[in-house]
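In what follows, a structure is listed as structure tokens, so that the remarks can point back to it.
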Amino acid sequence: MENMLTDLWHVLIGIALILVMMAAGYLVFSKLTKFDDYAEIQKGNEAAGIYMGGKLLGLAIIVGLVSYSSDSWVEMIVWSVVGIIALCLVYVLFDFLTPKLDVCREIEKGNKAVAQLLRSILVGVSLVIGTFLM
């Protein structure tokens with residue numbers, strides 16, 4: 001019974017840390033966009049929802065893979081932060097390498113094709129980053 005309580009406590013700590021890492025990643029990532037993600041979603045902008053979902057899914061993949069392979073909470077936090085920064089850098093690099101495609105403006109206009117493209121890139125890169133950090 002004591003082992004079960006210890007395991008339950010570790011699960012609760014893990015869930016709390018994962019939620020904190022996801023929230024921190026979301027806040028950092030949201031600062032990179034030139035529009036208010038949440039306001040656009042509230043207005044019914046599906047492209048913003050697709051994009052936000054892609055960011056959160058990408059972050060979850062990284063944090064999930066890192067937490068699976070980490071031996072300590074500190075290690076999980078450190079590698080999650082590294083992964084979140086790497087994912088943000090990929091987004092900035094994509095935005096820089098596609099100057100004719102203003103990603104934020106297109107998503108703000110509701111361009112779902114751009115949102116789908118960016119979501120696919122974020123999820124794909126998250127799998128690679130998460131695997132590297134395992």
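So the values come out like this:
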item: Yes/no for Ala16 being assigned to a helix (DSSP H, G or I) and over 25 Å from Phe96 (Cβ atoms); result: yes
item: The stretch 27-48 - residue that is under 26 Å from Gly130 (Cα atoms) and touching a residue at least 40 places away in the same chain (Cβ under 8 Å) and, of those, surrounded by the most Cβ atoms within 10 Å (Cβ to Cβ); result: Ala48
item: Leading residue by the ranking (nearest to the chain's Cα centre (by Cα)) among those in the stretch 93-117 that are over 22 Å from Ile41 (Cα atoms) and exposed (fewer than 14 other Cβ atoms within 10 Å of the Cβ); result: Leu93
item: Residues within the stretch 88-117 that are outside any helix (DSSP H, G or I) and touching a residue at least 60 places away in the same chain (Cβ under 8 Å), tallied; result: 2
item: Residue in the stretch 72-87 that is of a type in the set (S, T, N, Q), in a helix (DSSP H, G or I), closer than 25 Å to Trp9 by Cα and touching a residue at least 40 places away in the same chain (Cβ under 8 Å) present; result: yes
item: Meets criteria (part of a helix (DSSP H, G or I) and closer than 21 Å to Ile61 by Cβ) for Ala48; result: yes
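A short reminder: the numbers here are calculations on the coordinates, not readings from a lab. Here the structure is a predicted model, which is why all the values come from computation and not from measurement. Ideal geometry is used to build each Cβ from the backbone, glycine not excepted, and the neighbour counts take in all protein chains shown.
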